[in-house]
Amino acid sequence: MTTLLSPSFALTASFAIALMAGTLMRFWLASRQIRHVAGHRGTVPHEFSQAVSLASHQKAADYTIAKTRLALIEVAFGAALVLGWTLLGGLDALNIATMALTGPGMFQQIAIVIGFALISGAIDLPMSWYQTFVLEEKFGFNKMGFGLWLADLLKSALIGALIGIPLIWLFLWLMEVAGSRWWLWAWSVWMGFNLLLLLIYPTFIAPFFNKFKPLQDQALNSRVTALMQRCGFSAKGLFVMDGSKRSAHANAYFTGFGAAKRVVFYDTLLSKLSAGEVDAVLAHELGHFKHRHVIKRIASMFAVSLLAFALLGWLSAQAWFYTSLGVRPNLVATAPNDALALLLFMLAAPAFGFFLSPLFAQLSRKHEFEADAYAVAQTNQVDLSAALLKLYEDNASTLTPDPLYAKFYYSHPPATERLSRITVQS
């Protein structure tokens, strides 16, 4: 009875149950989505029958089903991988191997993290290749060749190493020298890093992957500038991104923070929307800023991450935290367990956090409705509805998702729900 009530057994059992329950839930929701979309494939919903062709509707259905089936494979493989790293001893074996190569100390700690990242990245490569060159290619969305895909991969790895390794070193150093409150210092560093990233990403990182040119269309430029002035917003520039180099998907977004904000239009978006529709899409993005959604999301991230760091700070000092998740902790003072704690927490936390997904999705959908309402007030319902419908159609987003699947996962409201709300607001 004592063994059954021990913290180690309790965590092992709860982790295994959460991982299994989450995996089964994902499979059940995905199967509902596939059945629902397939069952409505043959007929365009009545409210869209004049605007969406049957061929486009069926393409969206087929694309959604194909993505969901691929997601099922990713879910099963991901659960097996987490299990392999934890309870089946993968991370323990990596710890022993790096210890044999480097001996104890900071270098070994960083070696564990780098080894974990390299192995995980290599395992993910086939799925990434399949998604780009098979699934996206099949439906006409992929526009890049293998060379560009590989270049993106290498650039991402290099930037990740240049930024990630010093950050990991700083976390590990704080865990070693900052005492029992190290997690508070680490949280402060993490938040500062995220805010810094919002400032430097648009100017220094994004250009490594895409070309950003000032918006050349003077009529559209004047129109967009007038809209922003009317709404009381300013940005550092209006840019067009060469999204068509990689994908046929279209989008527009604000990026940056504070004085570094900039408006970015995909070239694919500008080729598909009228000037009024571009205005409406931009007004929607302005709505997010008007309602302080960005600030609210950052504040939420601050709060959630603070709780996570506090929990990690407590768990990292408990020997049973390691043993319950398949790792034998280092027992000598010269061989700390800090990197193991970080990786174990990163692997285990999503199994429990998955069940909070509907709450965050619901909050995101609420924000989208608020931004739509703002766009309707600043532009007009016809342009916004037309723009959104074009984006749904061009991105092959299904018009008939399973309602429960959508409530659980969708960060944006389904087309029927969203467009009917816009019509009422007008």
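The values are calculated or read from the model by the stated rules, or taken from the named source; none is laboratory data. The structure displayed is predicted, hence computed values, not measured ones. Neighbour counts are summed over all protein chains in view; Cβ atoms, including those assigned to glycine, are modelled from backbone coordinates with ideal geometry.
Just the residues that are among the hydrophobic types (A, V, I, L, M, F, W, C) and surrounded by fewer than 17 Cβ atoms within 10 Å (Cβ to Cβ), please, taken from the stretch 271-283. Within the stretch 271-283, just A275 meets the criteria.
Residue pairs whose Cβ atoms lie under 9 Å apart, sitting 6 or more positions apart in sequence or on different chains, and linking a residue in the stretch 180-196 that is in contact (Cβ under 8 Å) with a residue 24 or more places away in the chain to a partner that is buried (at least 18 other Cβ atoms within 10 Å of the Cβ) and hydroxyl-bearing (S, T, Y), are W182/S316; W183/S316.
The set of residues in the stretch 289-327 that are surrounded by 15 or more Cβ atoms within 10 Å (Cβ to Cβ) and assigned to a loop (DSSP other than H, G, I, E, B) comprises H291, S316, Q318, S324, L325, G326, V327. In the stretch 371-398, the residues that are over 30 Å from I34 (Cβ atoms) form Cβ pairs under 7 Å with partners that are at pLDDT below 90 and of a type in the set (V, I, T), at six or more places apart or across chains, as follows: V376/I422; Q381/I422; Q381/T423; L384/I422.
Restricting attention to the stretch 232-244, does a residue exist that is under 29 Å from W129 (Cα atoms) and of a type in the set (S, T, Y)? So far as the stretch 232-244 goes, yes, one or more of its residues are under 29 Å from W129 (Cα atoms) and of a type in the set (S, T, Y).
Working only within the stretch 201-224, note down all residues that are part of a helix (DSSP H, G or I) and either touching a residue at least 24 places away in the same chain (Cβ under 8 Å) or touching a His at 6+ places or on another chain (Cβ under 8 Å) (or both). Break it down stepwise before answering.
Step one: of the stretch 201-224, the residues part of a helix (DSSP H, G or I) are 201-208, 218-224.
Those that are part of a helix (DSSP H, G or I) and either touching a residue at least 24 places away in the same chain (Cβ under 8 Å) or touching a His at 6+ places or on another chain (Cβ under 8 Å) (or both): Y201, P202, T203, I205, A206, F208, A219, L220, R223, V224.
Remark: S56 matches the filter, which requires a residue to be over 23 Å from F116 (Cβ atoms), of a type in the set (G, A, S) and assigned to a helix (DSSP H, G or I). Restricting the stretch 237-288 to residues that are at pLDDT 80 or above and part of a loop (DSSP other than H, G, I, E, B) leaves a set whose member that is farthest from E136 (Cα to Cα) is S274.
When the stretch 64-96 is filtered for residues that are without any contact (Cβ under 8 Å) to a residue 60 or more places away in the chain and either under 18 Å from D338 (Cβ atoms) or not in a helix (DSSP H, G or I) (or both), the ones remaining, listed by number, are L94, I96. Within the stretch 293-343, the set of residues being among the polar types (S, T, N, Q) and within 21 Å of L184 (Cβ to Cβ) comprises S300, S305, S316, Q318, N337. Counting residues in the stretch 73-83 that are closer than 30 Å to Y322 by Cβ and out of contact with any helix residue (DSSP H, G or I) (no Cβ under 9 Å at 6 or more places or on another chain) gives one or more. With respect to G84, is the statement that it is within 27 Å of the chain's Cα centre (by Cα) and more than 19 Å from G164 (Cα to Cα) true? Taking the combined requirement at face value, the residue satisfies it. Only a single criterion out of (1) farther than 17 Å from M20 by Cβ; (2) crowded, with 18+ Cβ neighbours inside 10 Å is not satisfied by L83, namely (1).
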